[in-house]
Structure formats: structure tokens, C-alpha cells
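The values are calculated or read from the model by the stated rules, or taken from the named source; none is laboratory data. No experiment lies behind these values; they were computed from the predicted model shown. A quick note on method: Cβ atoms are made from the backbone with ideal geometry, for glycine too, and the neighbour counts reach across all protein chains shown.
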Amino acid sequence: MDLPKRGALPSPESQTMHDIRREPAPPEIRDSLIIRFAGDSGDGMQLTGSRFTETAALAGNDVATFPDFPAEIRAPAGTIAGVSGFQLHFAGRDITTPGDRPDVLVAMNPAALRKNLADLPAGATIMVDDGQFTARNLQRAGFPGNPLEDGTLDQWKVIPVPLAKLASDATEEIAELTPRERERTRNFFALGLTFWMYTHSPEPTAAWIRRKFGEDSALGRANLQALQKGYDYGVTTEVFAHRVEVPRAELPQGTWRNITGNLATAYGFAAAAQLAERPLVFGSYPITPASDILHTLSRLKNFNVRTIQAEDEIAAICAAIGAAWGGAIGITSSSGPGIALKGEAMGLALMVELPLIVINVQRGGPSTGLPTKTEQSDLLQAIHGRHGESPMAVLAPSGPGDAFEMAIEAVRIATKYMTPVLFLSDGYIANSSEPWQIPDVSTLPSLAVPTAAEGEEPFLPYARDPDTLARPWATPGTPGLEHRVGGLEKADGTGHISYDPANHEHMVALREDKIRRIAQDIPPLEVHGETDADTLVIGWGSTRGAIHGACERLRRSGHRIAHAHLRHLNPLPANTGETLARYRRVLVPELNRGQLSRILRSEFLVPAVSLSQVRGLPFRVTELAERIAHALEDA
Amino acid sequence: MSAATPPALTRKDFQTDQDVRWCPGCGDYSILAAIQKTFPELGIPREKFAIVSGIGCSSRFPYYMNTYGFHTIHGRPFPVATGLKAAQPDLHVWVVTGDGDALSIGGNHLMHTLRRNVDLRILLFNNRIYGLTKGQYSPTSELGKKTRSTPSGSIDPPVHPIRFALGCGATFIARSIDREPKHMVEVFHRAAKHRGSAFVELYQNCNIFNDGAFQLFTEKDTKAHHVLPLAHGEPLVFGREHEYAVVHEGFQLRVVKSADVGDDRIVRHDEHGPLAYLHALTELEDDPDHPVSAIGVLRAVDAPVWDELLHAQVESAIERQGPGDLQALLTGTDTWTV
């Protein structure tokens, strides 16, 4: 994509939409910046944040995002309950989290201001739509007076901009739209203005609007106009003379794009099915925050992806199991409540030893819990949450981009060992985004595994590969391999129903051994930072960025500390025990009540200490660093 | 050299070496025998058959058939079979289920399978009792039934399998009886040829926990008076001497003496007929003085088949967009190069 150079003025012939009327002062250079867009659920804040993210990424910044929205689609307008936020951190260096406290808050109404005020450090910039600060809206937000006038905001730098009015004026000529509809373009006006303030080009968003709405549609023209006028407003208004530029980050060489975790998950599994040279059958029932995986895969039909929106969670996993029996890559996806419903069927899949992928995009629980918020509280459920002795492989990506790689890893393990695999993502990975180096497809590994074929001997559906203990994948339709599988205990080899006590003990041990053997076939646990320190901080899943950031921060203040991050949770990497044993102190930050720390304690008899948080939010780097520092003070 | 014709299959080709472990005298034996007679007559290679079952006495069926078989979990054979068809559209998939499996724990799946019209043959063994768990009432047990779990009598009115299927818009609905082997084979042939979901209710006697549940329709001296065999386009007459006929009466059907009505008043069976007609046909069972049960093919209509639509969408996407280009997909539209 051909982009105007950062901070440079376009030439008069330029086809971009800039209309520069005066020479701006050179921008202040900042290492990184955190912006939070906040407004009503219907104000388009997720879209606004995503567009800014794409633009910053295209301009070469490293970016990390945190979308945070309510479960209600449209809570009453103007209330705190309805506030939707999108925070993004863009930087000229490698960053791993969306940042703790925003430098800039763009608040579309009083409720958005009030909800986010506590997070703002003194001196932060607040841009507000002051036209929305009516008596009624102030009352809805719970402000006793008007904070723009009563000194409430004295410690911050407030920029009032009547966004709705300016947007409406900017789009006046578009007669097809009502004044109300014209006002609704104010998020693009705000976006144009922030592009000016942070020296980013509006052109990628203009191109996006043209693609999305069509250049000639009334809505497309209105949004383009609002975006342009917002940008121009910055150019012509003295108050925005102070601009900030965040330089390009030093990313590794290659071609990059921005990607969310759910998108990377969907692409990863579509890629894995291609690498396995088998169709993908995806059974799913809509649930927050997993549904985007279904949406994405349902559009990939030309990749031989067959999606089924099933009647319920159980049907969804059962369809994936039926498909796996039929030789396809069978996948189901859900979040905690749905995973609970799938438990019995997971047991069936591991009993009949078929490859199956179960994606759990974890959210706050129990029960309906916090549907749109993140949590890591399904780890023990993933490892143990089925009746009987029912071991299953469990993997967890450590960030949005990593979801792609781990999806391929999940299919590799499932098909090589003929076992169901649980893929533990979470709401934070699902919806947040980061720059992702696009892999060269030709370097991805083949995942082709043989399908059983008719031989001389009578076919044994439970014959075993001596190394992996996998049974043959014999698909219906193949002559000579007719066989029966089922949930009843079976004799090894023949698969005949068996209630023999010794056989059951043998089979239980065999299914356990099969999963244990995977440990020899996965990368060892790596330790980063001061590997010879006496404290190891170990985590798993989406907390990688925050833990990494906290450890870095502590090292800068003189602490010696090592960090390890698990991506394989069952089995654990073969060297996990010996790694833990090297440290006097093992700290385990988790967004649950200490589930990994329990596993480490019981598996390896180490005095692992849990640093737990269950607020529906990711760790903040500063807070986590403080808690680690505090733990270091204890002997 | 001419292409060798594969040797014709026989009943023996579909038998397994497993001991059949149903109770002696169970109706399931004759159903198994009827299926083992039907399959070799269908001209389909053995490896193309797959039998998927749930949980219950009837669901042991796959172990006794030398085809591909999957004994799944309670109530879930329908989605497993649906997923199998999504993976392999060419398979000839039969689902074996019971009244508890299909209408209690799996009722939701049966509803959605039928309304989608997935290309499956569904055999529902209805014995109106829970056999495998030793004698509790089932969703098809009659009101007031005394069982181990309802010592004071069941207070749950029963669900009617055929009315349920009609409500779901099933495109093929039939009924047969375990004691009528010839009739079962005819019905299975019809079901095998249907495109989409072919739903077959089988009256099946559980001689241990609910013996004689269907005896009016099976015993030599009563069945002619109580069973109405259906044939498309033929008049609804039954009885040893065809002494009974069925006529319209308002929104209902009524059994009358054939001698009392002219031929032109006797209803002719129509497999494509309105749902209300088929519903009325099942209401003949409700007459306390003379219950009459229709057997044969009640409904057979053409409708789009779910798995054909699924695969057509995939094929048309490949035709339109070309086979998926993974590198282009991953790259997307907005990239930058370092």
C-alpha cells in the first residue's frame, strides 16, 4: 500500500485528501502514546479505535489494543452502563501491552468522561464533545454539576470540541441524510482530528470508507466528509498547533499487518486444514467472545471450510466429532458456558480417539458471568473438566498473533496423536490486536497424516503406532476397513466392547500415556531475562505481554528476575520441573484464583506463589510490577 | 478385460462376529434382521454404509452390523451423523435411536435435523419405556403409566413421534412394526431412496419392561381391525374383508363401515397431502373404542437437502473465487514492509 510519508505534507498534485492551509509547527516526538476512545455503545468507538490502530500500524508503529465494551448491545444512551471503550498503545519501540493509563481520552459524552476519569494520570489530555454536556446527559452520567465548568477537571488538559455540531455542519450538503444521521458521523470527525493531532494520515481510513460504504453512497460521502473536516479542523484551529509524533518502531524485517486474536485463530485453523490436506468442518453455536471465529470461517468456503451453526453447543461439538470420524479436521468453538455443555462429548472424542479441536475463548465466569470481559479461569476445567479419567492435550496462545501458530500446533498434535485438543484463548486475545509478521506460507510445515488403507490382515481400529500410541484414522467409505467405534470401554486392538477389569486399567493408562508422550514432541520451556536470578515469574496465555512488561520494569529498577511463559499446558514441556527447581522463588500471575500455581505445586512440589486478579480486565504493567516487587520482599 | 462386477452382497456380509446381547424375545432382533435383509438389496457398496446410534437398547445396533458404525452418546446421534455428512456427502448414513434418545434427551437435535432435511435415514425404535435403565417411563409412555419411577402413575402426557416429525416439517415420515418383517423391508427400501431426512417410527415390543404395548396392532386376532396399511393413491380401507373405510368429517377423519359409504367418499392416501390430513390420520389412534394405527409411508415430499446445499455453497465459492489462496488471505489488504 502506497502511503504518504509520516508527517510530510502531500504535494498539491497528491490524490490524498489533505487540504493544508498553513505550515504547522514541527510536532513533539514521543516514544509512545496511549489513546482511549470512549462513548456510548452505539457511537462507533470500536470502529474508531480499530481505524486508528490500523493507521498507526501501517505507519510503522508497534501497536497493542484493548477493546472494552459492555455485554448489552445498546444500554440506555448516555448512561455509565452503556460506555464502550477502545484503548490503544502505539509506540516507536517494541511494546507488549495496550498500556495502563491513557495519555489521551476522547470522550463522546459525559458518561464516557466519568467512567474513565479515574484511569487518567494528571496532565493527560481530554477531548470531549462539549455539545453533549447538557443537563440531562450530565444527570444520566451522575455528575452533580458540569465538570467542564466547575473545576473538576483542573488537573487535566481539556479540549472541548462540539463534535456533533461540527460533523453535522461538515455534512450539510448531503441532503439524503437527516440531521441526526449527519451528527452520527462525529466519530469520523473525531478520528480525523486525532489523526491530525498525532500526525497520522487519514488516507487509509478514507480508502477503508470507500471500500466499506461505497464512494457514492450518502453514508460513504458523509463519513469521508466528516473525516476530512475533522482533519482540517486540526489544521486551522490554533488549539491543535501542538502535535505529537510517535516514530516508527524497529520491527523485524518482513511484511506486517495488524491482526486480532479471533482472526488469527480462524486463519490458523483454516491454514492448518490446508496443511493437513483435509476439509475443515466447523461446528459452533454463537457465544461472546468466540463468535467472530465462526463469522470469519463461514466466509472461507473456497478454502473447503464447511461451517455449521448448530442448534446448541452439544450439537456443535458432536458435528465436529462426526466430521472427524469422516476424515475432516473437526473443530468446535465456544466460551466457558458452552465448554461446560460440551464436556460429555469431549469424553466421547477421547474415548474413540479421534482428532478434534475445541476452542475456548475464555470469559469471566462462573455462569453467564462477564460475557465481554477476559479471564483465565477455565484452565483446570480444560485439563480436568470431564468425567472419568479423561486426559486431553491443552494449548494456549500467548497473544493475538501467536494464536495463528498455536492453531497449527493444535491440529498437528490432534492428528498425530489422534486426540482431542483444547485451545485456550481468552476475550483479551480474541478482540485485541497487534502487528503480525505475515508468514511465508511455503515455510509452514505439512500436517499430512496418512488415512488407513485396506491391508492383508483384518483391520484393527485400535492398533497403535509404537511411538505416539495413535490409532489409525480409518474413514468411512474406505473398502475393507468397516469397523465400530463408541463410548463404551473397548479392548485395545479390536475395539470390541470390554468390561474386563484389567483391560479397563490398561486402557486408562494407555490414554494417559498417549498424552504424556506429547511432552517429548513440543518445545522446551524457555526462560527469558536473568535466567540465573533466584526468582522466576511464570505465566500462560494472554498475560505474556503484561508479565514481560512488569519484569522489564523491575529490571530497570535493579531487580534480578526471570520470566517463562507456558503455551503447552497439558502436557507441560518436559523440562518444566527442572526449570522450576532452579529458582528459589516461583511467582505465578494469573487472571484466576491460582489455577496454574496449583498445578505447578502439585506436579512439581515447588512453593509456587499465586498473584491472582479476577476483575475481568488484563493485568496493568505497573500494578503487576508492584505486586511482584512486593512478593520479592517476602523471604 | 471388462470391469469386474463386485460380487453381490448377501445378508451374511452385514453380520458381525459379536454376540447380539438384547434380551431373548426383544423386538430389536427382527428389526436387525430386516435391515440385514434390506442392505444387500440396495446395490450400495458395504463401505458406503455408516450407522450412527445414541444410547439405549436400540443404540447397540451398530455393533451388530458389519458396516462403519458409531455408538455415540445419549441423544446425540443426529449431530454426529450431520457432521459425518458434512465431511463425506457420499455416505449412506442410518441413525438408530429410541424414544428416550430421540424424543427426550435428543429431542432438540431431532427437531433441527428434520427441519434441515439432512440426508439421513432415522429409525426410531419406540417401545414406550426406558429399557436399558430398567423400566422407567419414557416420553412416549401413556399418561398414568405406572413404572419404577412413577409408582403413582405418570403425569406427563406422551409426545407422539409422527406428530413431532410433522411439526418439524420432516420430508419423509413412515411407520412400521417389529412383528411385520415384510412390511419393514418395504418401508426401509422407501426410506433408503428418499433424498433428505427419512424418519421411520418402529413399534417395538420390550417384552421385559413393557410387554404388549402394541398388542392390538400385532396380535393375530386384533391387528386387522386396528392397523390401517397405507399405499399412495389407494383408498383408506382395512379389516380382514376391507370392512372399514376412512372418510372426511369436518376437520377430522373418521372410521366407518365400508358398506355404509360409497367408494367416492373414501379418502385416498396422498403422501404429498396437507400436514393437517396426516395429523388427522394419526388422530385415528385416539379413538378409545376403536383405535386405528396407520402404517406405511405417511409422507414423502421433495425438498432441498441440507448437505447438498452445504456442499453446493462450497463448490460454488471455489468456482467463483478459485481455490483459496492462503498467502493472499493472510496478507489481506493493509500491510507494510519493514
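Each row is one residue, and each column tells you yes or no for (1) within 10 Å of another protein chain (Cβ to nearest Cβ); (2) more than 22 Å from the chain's Cα centre (by Cα); (3) part of a helix (DSSP H, G or I).
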residue	(1), (2), (3)
A:ILE293	no, no, yes
A:ARG306	yes, yes, no
A:ALA316	yes, yes, yes
A:GLY322	yes, yes, yes
A:SER333	no, no, no
A:PRO337	no, no, yes
A:ALA340	no, no, yes
A:MET346	no, yes, yes
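When the criteria are applied in full, B:ILE208 meets the requirement of being assigned to a loop (DSSP other than H, G, I, E, B), within 28 Å of B:TYR137 (Cβ to Cβ) and of a type in the set (A, V, I, L, M). Once the range B:83-104 is narrowed to residues that are in a helix (DSSP H, G or I) and in contact (Cβ under 8 Å) with a residue 40 or more places away in the chain, the residue that is surrounded by the most Cβ atoms within 10 Å (Cβ to Cβ) is B:ALA102. Set side by side, the residues A:PRO435, A:PRO458 differ, and just one is outside any strand (DSSP E or B) and either over 35 Å from the mean Cα position of the chain (by Cα) or at negative phi (or both), which is A:PRO458.
Checking the condition surrounded by fewer than 17 Cβ atoms within 10 Å (Cβ to Cβ), within 30 Å of B:LEU326 (Cβ to Cβ) and at pLDDT 95 or above, which residue from A:ASP521, A:ASP513 passes? Only one candidate qualifies: A:ASP521.
Hey, could you check the range B:237-259 for residues that are of a type in the set (A, V, I, L, M, F, W, C) and free of Cβ contacts under 8 Å to residues at least 24 places away in the same chain and say which is farthest from B:TYR277 (Cα to Cα)?
Residues of the range B:237-259 that are of a type in the set (A, V, I, L, M, F, W, C), as a first pass: B:237-238, B:245-247, B:251, B:253, B:255-256, B:259.
Next cut, free of Cβ contacts under 8 Å to residues at least 24 places away in the same chain only: B:245, B:247, B:256, B:259.
On the way: B:ALA245: 15, B:VAL247: 11, B:VAL256: 17, B:ALA259: 23 Å.
The selected residue is B:ALA259.
Assuming A:ALA271 fulfils every condition listed in (1) in a strand (DSSP E or B); (2) within 9 Å of chain B (Cβ to nearest Cβ); (3) in contact (Cβ under 8 Å) with a residue 40 or more places away in the chain apart from one, which condition is it? Only one criterion in (1) in a strand (DSSP E or B); (2) within 9 Å of chain B (Cβ to nearest Cβ); (3) in contact (Cβ under 8 Å) with a residue 40 or more places away in the chain is unmet by A:ALA271, namely (1). Mind listing whichever residues of the range A:238-261 are more than 14 Å from chain B (Cβ to nearest Cβ), within 15 Å of A:THR199 (Cα to Cα) and either at pLDDT 95 or above or not in a helix (DSSP H, G or I) (or both)? Scanning the range A:238-261 gives A:ALA241, A:HIS242, A:ARG243, A:VAL244, A:GLU245, A:VAL246. Scanning the range A:561-579 for residues that are part of a strand (DSSP E or B) and over 16 Å from A:GLN381 (Cα atoms) returns A:ALA562, A:HIS563, A:ALA564, A:HIS565, A:LEU566.
Residues are listed down the side, and each one gets a yes or a no for (1) buried (at least 22 other Cβ atoms within 10 Å of the Cβ); (2) assigned to a strand (DSSP E or B); (3) in contact (Cβ under 8 Å) with a residue 40 or more places away in the chain:
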site	(1), (2), (3)
B:ASP156	no, no, no
B:ALA165	yes, no, yes
B:GLY169	no, no, yes
B:ILE173	yes, yes, yes
B:ARG179	no, no, yes
B:VAL185	no, no, yes
B:HIS189	no, no, yes
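Here's the yes/no breakdown for (1) modelled with pLDDT of 95 or more; (2) surrounded by 14 or more Cβ atoms within 10 Å (Cβ to Cβ); (3) at the interface with another protein chain (Cβ under 7 Å from one of its Cβ atoms); (4) at positive phi:
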| site | (1), (2), (3), (4) |
| --- | --- |
| A:GLU482 | yes, yes, yes, no |
| A:GLU489 | yes, yes, no, no |
| A:SER498 | yes, yes, no, no |
| A:PRO501 | yes, no, no, no |
| A:GLU505 | yes, no, no, no |
| A:ARG517 | yes, yes, no, no |
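Only one of (1) in a loop (DSSP other than H, G, I, E, B); (2) surrounded by 20 or more Cβ atoms within 10 Å (Cβ to Cβ) is not met by A:PRO144, so which one is it? Failing condition for A:PRO144: (2).
Please verify whether B:VAL301 is more than 14 Å from chain A (Cβ to nearest Cβ) and crowded, with 19+ Cβ neighbours inside 10 Å, treating the condition exactly as stated. Break it down stepwise before answering.
Values: more than 14 Å from chain A (Cβ to nearest Cβ): yes; crowded, with 19+ Cβ neighbours inside 10 Å: no.
No.
Tell me yes or no: at least one residue of the range B:305-312 is at the interface with chain A (Cβ under 9 Å from one of its Cβ atoms) and at pLDDT 95 or above.
As a first pass, look at the range B:305-312 and keep what is at the interface with chain A (Cβ under 9 Å from one of its Cβ atoms): B:310-311.
Next cut, at pLDDT 95 or above only: B:310-311.
Scanning the range B:305-312, I find at least one residue that is at the interface with chain A (Cβ under 9 Å from one of its Cβ atoms) and at pLDDT 95 or above, so the answer is yes.
When the residues of the range B:40-83 are narrowed to those that are of a type in the set (Phe, Trp, Tyr) and within 16 Å of the chain's Cα centre (by Cα), which ends up farthest from B:VAL95 (Cα to Cα)? First the steps, then the outcome.
Step one: of the range B:40-83, the residues of a type in the set (Phe, Trp, Tyr) are B:49, B:61, B:63-64, B:68, B:70, B:78.
The next check asks that each one be within 16 Å of the chain's Cα centre (by Cα); those that pass are B:61, B:78.
Values: B:PHE61: 10, B:PHE78: 7 Å.
The extreme case among them is B:PHE61.
Can B:GLY98 be described as more than 9 Å from chain A (Cβ to nearest Cβ) and either aromatic (Phe, Trp, Tyr) or touching a Gly at 6+ places or on another chain (Cβ under 6 Å) (or both)? Let's see the steps before the verdict.
Working: more than 9 Å from chain A (Cβ to nearest Cβ): yes; either aromatic (Phe, Trp, Tyr) or touching a Gly at 6+ places or on another chain (Cβ under 6 Å) (or both): yes.
Here the answer is yes, as B:GLY98 does meet what is asked.
For the range A:214-237, the tally of residues that are in a helix (DSSP H, G or I) and of a type in the set (S, T, N, Q) stands at 4.
Within the range A:534-542, can one find any residue that is away from every other protein chain (no Cβ under 14 Å), of a type in the set (S, T, N, Q), in contact with a Leu (Cβ under 9 Å, 6 or more places away or on another chain) and at negative phi? Taking every residue of the range A:534-542 in turn, at least one turns out to be away from every other protein chain (no Cβ under 14 Å), of a type in the set (S, T, N, Q), in contact with a Leu (Cβ under 9 Å, 6 or more places away or on another chain) and at negative phi.
Can we say B:PRO7 is touching a residue at least 12 places away in the same chain (Cβ under 8 Å), more than 9 Å from chain A (Cβ to nearest Cβ) and over 23 Å from B:VAL187 (Cβ atoms)? Walk me through it before giving the result.
On the way: touching a residue at least 12 places away in the same chain (Cβ under 8 Å): no; more than 9 Å from chain A (Cβ to nearest Cβ): yes; over 23 Å from B:VAL187 (Cβ atoms): yes.
When the stated conditions are applied, B:PRO7 does not pass them.
Remark: pairs (first residue in the range B:307-321, under 12 Å from A:PHE303 (Cα atoms); second residue among the aromatic types (Phe, Trp, Tyr); Cβ separation under 9 Å; 6+ apart in sequence or on different chains) = B:ALA317/A:PHE303; B:ILE318/A:PHE303.
Here A:THR475 passes the criteria (1) under 18 Å from A:LYS416 (Cβ atoms); (2) surrounded by fewer than 16 Cβ atoms within 10 Å (Cβ to Cβ); (3) modelled with pLDDT of 95 or more; (4) within 14 Å of chain B (Cβ to nearest Cβ) except the one numbered (2).
Looking at the structure I just gave you, is A:ALA452 surrounded by fewer than 24 Cβ atoms within 10 Å (Cβ to Cβ), within 14 Å of chain B (Cβ to nearest Cβ), at pLDDT below 95 and not in a strand (DSSP E or B)? Answer is yes for this residue.
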